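*Asks:* One structure follows; several queries about it will come next.
The values are calculated or read from the model by the stated rules, or taken from the named source; none is laboratory data. Here the structure is a predicted model, which means the values were calculated and not measured. When we count neighbours, we look across all protein chains shown, and the Cβ atoms used for this are built from the backbone with ideal geometry, even at glycine. Accessible surface areas use protein heavy atoms only, side chains included; no ligands, DNA or RNA. Shrake-Rupley method; radii C 1.70, N 1.55, O 1.52, S 1.80 Å.
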Amino acid sequence: MPVLRDILINITPLYKEGDMDTEVGSLCIDSRKVARGSAFVAIKGTLSDGHAFIDMATGLGASTIVCETLPETIKEGINYIQVKDSAEAAGLMADAFYDFPSKGLKVVGITGTNGKTTTATLLYKLFEAMGHKCGLLSTVENFIHDKIETATHTTPDAISIHALLKRMMDAGCEYAFMEVSSHAIHQKRIAGIRFAGGVFTNITHDHLDYHKTFDEYIRVKKSFFDDLPSDAFALTNADDKRGMVMLQNTKAQKHTYSLRMPATIKGKVLENNLTGLVMVVDGTEAHFRMIGTFNAYNLLAVYGVAKLLGADRINVLAVLSGLYGAAGRFETHMSPKDKILGIIDYAHTPDALINVLATINQLRVNGQQLVTVIGCGGDRDKTKRPIMAQVASEHSDKAILTSDNPRSEDPEEILNEMEAGLTAPQKRKSLRITDRREAIKVACMFAQTGDIILVAGKGHETYQEIKGVKYHFDDREVLTEAFETLNK
């Protein structure tokens, strides 16, 4: 069991009091999980302040308190460590507590608005298929080699991340591929991780409910690359207008990928249809099972990372050609009778929705109708709601506006805000159905033989959150049931 002074090795306290040789049984940022001998780290969060639960933590047996502001009453027999930033301290302490797991792994972080999950998942599948034991931390699921764990956040809290990395290292993993969200960067949830590389996919309008301004959102993403060490690589999408911004102040080795301009990793799309992509990658022609220009970028990023990690490029292309992406990302379901193509996608930002719809419209043939089902999440960026409705209506033959995860908000009010963005012609091709299950069923009723239905916004999610309760809801199941019920 580690002692306190050992897990404080990379921290410079502002003040400390107590026995630095105290054994630490566990690290906690949630006072409800405190046990006898725990070190409780009080973090100021977005919804609550851990400093308010210090007394509760000591009452449950915490022997050490790490905080930014010392409590008014200092209890005898408790160790107190005052730090400048508790969130950062939690990551640095967890790193030491779990014996510096990222030292024994090559950890690659993927950040950007869209493409994180697909890129991280493909990297995990690729390296596993090439004979390496790998870990995956993603929105959809976490893997420790071949063992799956359900994911609850894009990036877990700092202590949970280091615990996962430790288990990956103990399982013999060589690589860990992880999504790195803007929230996680800003909240220091990745503190203490030694990254072998970082990838920037793209940046678009998202999370302004949290970051307030687009400039701040960009700054936070960029800080991930600013903090990469000199022996790491930084790979950026040169075709994104802010791609090169990410590399401005990084000490890491700079690399780029592109479909449109000279780059370290150069690609070109030769064919793009419903059976997949044909591309030239670094001068070699390759066929892929994935669909759409946005996936061409994801594939280029994956190839680039593999190459920078020293993998054989021809072997990489051969294995990649047989892989599919992440669940709920342009996931297709065909109705048995009428051959209606259902597409489930996580697109929940205007740019992501445009990308998916543009891909479908590029691939569909004359006479094929496109029906889109879309909603917007509650307690999230309200400014994108009218834009999402505009995009769905503009690029579809019929748009059905419905609920996503309304959370604490009134779903009718969310739909009002979506509808406010529609012009009169767009309103004529739109329909409002609050019940998501009914909306998907109606989309199937509209669709005729050979048509396409896009159900967007939730992707892999298997729940719908309403007033604090998560009810089971899976777009894939509901779509399949509607096909069967309507004999489609």
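*Asks:* Rounded, prolate or oblate: pick one for the range 108-185, where a ≥ b ≥ c are the square roots of the eigenvalues of its C-alpha gyration tensor, a/c under 1.5 means rounded, and failing that, prolate if a/b is larger than b/c, else oblate. List each step's numbers first, then the result.
*Replies:* On the way: a/c = 1.90, a/b = 1.24, b/c = 1.54.
Verdict is oblate for the range 108-185.
*Asks:* How many percent of the accessible area of the range 263-416 is carbon or sulfur, using a 1.4 Å probe? Walk me through the intermediate numbers first.
*Replies:* Working: 2930 of 5760 Å².
Of all accessible area on the range 263-416, carbon and sulfur atoms account for 51 percent.
*Asks:* Antiparallel DSSP bridges in the chain: what percent, to the nearest 5?
*Replies:* Antiparallel bridges: around 35 percent, rounded to the nearest 5.
*Asks:* Right, another one. Give me the angle, in degrees from 0 to 90, between the Cα long axis of helix 293-308 and the longest principal axis of the Cα atoms of the chain, rounded to the nearest 10.
*Replies:* 40
*Asks:* In addition: Would you check the accessible area of LEU357, probe 1.4 Å, heavy atoms only, in square angstrom rounded to 10?
*Replies:* 0
*Asks:* Starting from the Cα gyration tensor of the range 448-488, take the square roots of the eigenvalues, sort them a ≥ b ≥ c, and report rounded, prolate or oblate (rounded when a/c is under 1.5, otherwise prolate if a/b is larger than b/c, else oblate).
*Replies:* Cα axes put the range 448-488 in the prolate bin.
*Asks:* Which loop-located trypsin sites (Lys or Arg not before Pro) does the range 249-289 contain, where loop means any DSSP state but H, G, I, E or B and the Cβ has at most 11 other Cβ atoms within 10 Å?
*Replies:* Hits after loop and neighbour filter: ARG260.
*Asks:* With charges only on Cβ, +1 for K and R and -1 for D and E, what is the dipole size of the chain about its Cα centre, in debye, rounded to 20? Walk me through the numbers before you get to the answer.
*Replies:* Numbers: 55 positive and 61 negative charges, 245 e Å.
Its charge dipole is roughly 1180 debye.
*Asks:* Can I ask one more? Taking the Cα-to-Cβ direction at LYS251 and at VAL269 and moving 7 Å from each Cα, how far apart do the two end points lie in nm?
*Replies:* 3.9
*Asks:* A further question follows. Which value, in Å², gives the accessible area per residue of the chain when a 1.4 Å probe is used on the protein heavy atoms?
*Replies:* It amounts to 42 Å² per residue over the chain.
*Asks:* I've got another one for you. How much length is gained on full extension from THR46 to LYS241, taking 0.36 nm per residue of separation minus their Cα-Cα distance?
*Replies:* 67.1 nm
*Asks:* OK, next. Give me the number: length gained by fully extending HIS183 to LEU431, i.e. 0.36 nm times residue separation minus the C-alpha to C-alpha distance, one decimal in nm.
*Replies:* Stretched out fully, the HIS183 to LEU431 stretch lengthens by 85.9 nm.
*Asks:* Mind giving me the FRET efficiency for LYS147 and LEU323? R0 is 22 Å, r the Cβ-Cβ distance, nearest 0.05 is fine.
*Replies:* On the way: r = 20 Å, r/R0 = 0.90.
Efficiency for this residue pair is about 0.65.
*Asks:* How far is the Cα center of the range 433-469 from the Cα center of the range 34-72, in Å?
*Replies:* About 43 Å separates the Cα centre of the range 433-469 from the one of the range 34-72.
*Asks:* In debye, nearest 20, what is the charge dipole magnitude of the range 296-351 about its Cα centre with +1 on Lys and Arg Cβ and -1 on Asp and Glu Cβ, if you could check?
*Replies:* Using Cβ point charges on Lys, Arg, Asp and Glu, the range 296-351 gives about 140 debye.
*Asks:* When a/c is below 1.5 the answer is rounded, else prolate if a/b is larger than b/c, else oblate, so apply that to the range 195-305 with a ≥ b ≥ c taken from the square roots of the Cα gyration tensor eigenvalues.
*Replies:* oblate
*Asks:* Additional query: Could you state the angle between the C-alpha long axis of helix 385-394 and the longest principal axis of the C-alpha atoms of the chain, as a value from 0 to 90 degrees rounded to the nearest 10?
*Replies:* With rounding to tens, the tilt is 30 degrees.
*Asks:* Calculated FRET efficiency, MET20 and LEU70, Cβ-Cβ r, R0 25 Å, to nearest 0.05? List each step's numbers first, then the result.
*Replies:* Values: r = 17 Å, r/R0 = 0.67.
FRET efficiency, MET20 to LEU70: 0.90.
*Asks:* Please determine, in degrees from 0 to 90 and to the nearest 10, the orientation of helix 475-485 with respect to the longest principal axis defined by the Cα atoms of the chain, where the helix direction is its Cα long axis.
*Replies:* The helix 475-485 is inclined about 30 degrees to the chain.
*Asks:* In addition: What residues qualify as long-range amide H neighbours of VAL83, i.e. H under 5 Å apart, gap of 5 or more or another chain, H built at 1.01 Å from N?
*Replies:* For VAL83, whose amide H was placed from the backbone, the distant partners under 5 Å are LEU14, CYS67, GLU68.
*Asks:* Expressed in nm to one decimal, what extension gain is obtained for the pair THR462 and THR293 from 0.36 nm per residue of sequence separation less their Cα-Cα distance?
*Replies:* Gain on stretching THR462 to THR293: 58.1 nm.
*Asks:* Place the peptides 269-280, 345-356, 37-48 in order of packing, highest mean first, counting for every residue the other Cβ atoms within 10 Å and averaging per peptide. Working shown, then result.
*Replies:* On the way: 269-280: 14.9, 345-356: 23.4, 37-48: 18.2.
Sorting 269-280, 345-356, 37-48 by mean packing, highest first, produces 345-356, 37-48, 269-280.
*Asks:* Out of the total accessible area of the range 421-488 (probe 1.4 Å, heavy atoms of protein only), what percent is carbon and sulfur?
*Replies:* 53
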